[in-house]
Structure formats: structure tokens, C-alpha cells
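A short reminder: the numbers here are calculations on the coordinates, not readings from a lab. Treat the numbers as computed from the prediction; the structure is a model and nothing was measured. Backbone-built Cβ (ideal geometry, glycine too); neighbour counts: all protein chains shown.
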Amino acid sequence: MTRTQISFDPEVHRHARRRAGDLGISLAEYLRGLVARDLGQVVATADPSTVFNLGASGNSDIAASKDAMIAQAFEAERLPHIGTGTR
């Protein structure tokens, strides 16, 4: 990608940022899409659902239990090496 700097009238900039936000994308992505469509290029859209349901949490509450889970992971990593002289 090549970096480009452009200037907008403040009201146009505000409306463009709001529209990009409504679409859930950055202003830069919004403008790239507009230019691509104007030039007749295919605009690829990402499906945000692809990052969901990638694994199973086993109904664990990570937000509430993250400190305990991190401690448990460190402990599990440390224990197999005790007394073996290896790490």
C-alpha cells in the first residue's frame, strides 16, 4: 500500500468518519472502498464472524477468572520441569 494524504472540508470529514463508524470500519478503509468501487475494482469484504466460535471455552468465564487461569497455566508449565534439570 502507498500512503496518501488528503484534505477535506471539516463537515465532509465529520460525515465520512460517522459513515465509516456506522459501517464498523476505519475512515481509511471507507475511503479505499469508495475509490476501488469508483475505479471498478472488486471490493473484498471481511466477514467478522470468522473470528468467532474458533474454539470451545468449556463454559469458562475468562473475564472473571483470567488471573487464576494465567496462574494455573504458569504453574502447569513450571511443574513438569521441577527436579529434571531441564527447562
(request) Could you work out the local net charge near LEU27, counting Lys and Arg as +1, Asp and Glu as -1, over the other residues with Cβ closer than 13 Å to its Cβ? (result) +3
(request) Please give the contour-minus-distance gain from HIS13 to ALA76: 0.36 nm per residue of separation, less the Cα-Cα distance, rounded to one decimal in nm. (result) 17.5 nm
